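See below for the structure under consideration.
Please treat every number below as a calculation from the coordinates, not as lab data. These numbers come from a predicted model, not from an experiment. For neighbour counting, all protein chains shown are included, and Cβ atoms are generated from backbone atoms with ideal geometry for every residue, glycine included.
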Amino acid sequence: MRGHSHVIKPLLDKEYPTVSHGRGVYLYDIEGKAYLDGCSGAVTANIGHGVQPVIDAMNEQAKKVCFTYRSQFTSEAAEALAAKLASWTPGDLDYVFFVNSGSEATETVMKIAIQYWQEQGRTTKNKVLSRWMSYHGITMGALSMSGHILRRKRFIPLLEEFPSIEPPYCYRCPFNSTYPSCGLLCANQLEQAIHRIGADHIAAFIAEPIIGASGGAVTPPPYYYQRIKEICERYNILFIADEVMTGNGRTGKPFGIDHWGVVPDLMALGKGMSAGYTPMAAAIASRRIIDIIAAGSKSIMSGHTFSANPQSAAVSLSVMQYIEDNQLITRAEERGIQLMAGLQALMQKHDIIGDVRGKGLLCGIEFVKNRTTKEPFSLNLHVTERLIEKAMQKGLLIYSASGGIDGQAGDAVLVAPPFVISEEEVNELLFILDQSIGEIEVELK
Ligand code: PLP
């Protein structure tokens, strides 16, 4: 927007293009420039832009009723959406508490976990352990769980130090070891943390199945979550999967944790759940947990004014239906294989690419000064920001995943286009990325 603007934007001294409309994997600004949405906004617009059945569902529900308060009414839309989610989730994750953002979803699962133990008289179990290099949201409870150094930094005195263990970051193993001879030291560290803190003080352990915004699609090795779940069960600690980014088909399976075949006790969803057509998110609990609360106080002590509003529920339901009708999870898997092969080819060409990783259409690229030593670039060089800017000038959107690695160094981006992307559009994405990385590489020499 030119001229004076009253909107507070991420960077107060920067001019942002004004969006005009979106179609498929493209966004257009008011000057008519097209942008290939290579990261689905913030890994959210999973079905692309301007999808007619979703717009129709939005209009149909708006004609009936947009808002009702959850303490007064349930709605057909909310009931149908919860049933649809329960049909996608693994195990007995059947109960859905609707909220409006990923941060609210992770805070709500945290509260449900604590309340689950309280209802059984175990009132000291109120910490939620997490990993460093993680992101669970920006509100204070969610930030307490987040091991994202840059985002925590300014608020440290107000935060609980819930991050307690190292991430499963094989590219730069925190234990200087290699899988499988490491014996999953990173997962075993959870047991040490439990011994140190005491299982009587721990309600749950939370993890993103694949680390997104704070590392760039950092994917744990095989059996990692099986070991985590074993440890949680041994010490009576609930396991929470934060599927806000990895859920709803993004990784080529309904949920990221499905790649490990583990059933969590609680799950947080957001982003792709509504594919950005409306703010919508969810805290999902297993039947066992809800049974305990139903037999006790009978009410989960949380809620937001807009929770479970029929308008957002109808929109989110139509998004999930569209994914099913068009087999878009399989599409994410297939296009993900093509994208990953393309990124690996770029790695052969560009020395500044240290690692490419991820699953399905959640791919990460980490950049390094020296591929042999893995020495990162100095943060003062702003490599990630420069690359994102360069790609945007050329009409490609990609997402920053740096700043969470150790707060000092580490440049990474996420490439995560909508599932509807075609083979040709993946090639176009790779072409612009290739050019952008090539130009940055020359600038850095
Ligand atoms: N959890 C994860 C894994 C996320 O990636 C995010 C956002 O990036 C959140 C939680 C917070 O979601 P929101 O930005 O909708 O509050």
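Of note:
- For the residue pairs LYS33/LYS64; LYS271/LYS394; LYS84/LYS111; LYS127/LYS374, alpha carbon separations beyond 31 Å are given by LYS33/LYS64; LYS127/LYS374.
- Sequence-distant residues sharing a close amide H with TYR399 (under 5 Å, placed H): LEU414
- Here the dipole of the chain is about 800 debye; that uses its Cα centre as origin and unit charges on the Cβ of Lys and Arg (positive) and Asp and Glu (negative).
- Taking GLU104, GLU233, GLU15 in turn, the Gaussian network model of the chain (Cα-Cα springs below 10 Å) assigns the largest fluctuation to GLU15.
- Sum of -39500 (n - 2.57) over DSSP H runs of 4+, divided by residues of the chain (222 nm, nearest 500): -11500 deg cm²/dmol
- Prolate/oblate/rounded call for segment 143-238, Cα gyration tensor, a/c under 1.5 rounded: oblate
- Relative contact order computed over segment 111-232 (Cα-Cα under 8 Å; 6+ residues apart), in percent: 31
- Restricting attention to the chain, close to 70% of DSSP beta bridges with both partner residues there are antiparallel.
- Of SER75, SER103, SER297, the residue with the greatest mean-square motion in the GNM of the chain, using alpha carbon springs below 10 Å, is SER297.
- Rounded to the nearest 20, the size of the Cβ-charge dipole of segment 70-180 about its Cα centre is 540 debye, with Lys and Arg at +1 and Asp and Glu at -1.
- Most fluctuating residue given options TYR28, TYR179, TYR16, as computed from a GNM of the chain linking Cα atoms under 10 Å: TYR16
- In this Cβ point-charge picture (+1 for Lys and Arg, -1 for Asp and Glu), segment 300-445 has a dipole of about 260 debye about its Cα centre.
- Count Lys and Arg as plus one, Asp and Glu as minus one, and take only other residues whose Cβ is under 14 Å from that of LEU444; the net charge is then -2.
- Relative protection proxy for 124-135, 349-360, from highest mean packing down: 124-135, 349-360 (other beta-carbon atoms within 10 angstrom).
- Difference of contour (0.36 nm per residue) and Cα-Cα distance, ARG122 to ALA341: 73.9 nm
- Virtual spin-label span in nm between CYS173 and VAL19, 7 Å along Cα→Cβ: 4.2
- Shape call, the chain: gyration tensor on alpha carbons, a/c limit 1.5: oblate
- Farthest towards the positive end of the charge dipole of the chain, among the residues GLY212, LEU361, ASN427, is the Cα of GLY212, using unit charges on the Cβ of Lys, Arg, Asp and Glu.
- Cross-link partners for LYS369 among the lysines, with Cα-Cα distance under 22 Å and sequence neighbours closer than 8 places in the same chain left out: LYS349, LYS390, LYS445.
- Binning the alpha carbon pair distances of segment 321-393 at 5 angstrom intervals from zero yields the distribution 3, 14, 18, 20, 17, 11, 7, 5, 3, 1, expressed in whole percent.
- For the chain, the relative contact order is 22 percent, taking Cα pairs closer than 8 Å that sit 6 or more residues apart in sequence and dividing their mean separation by the residue count.
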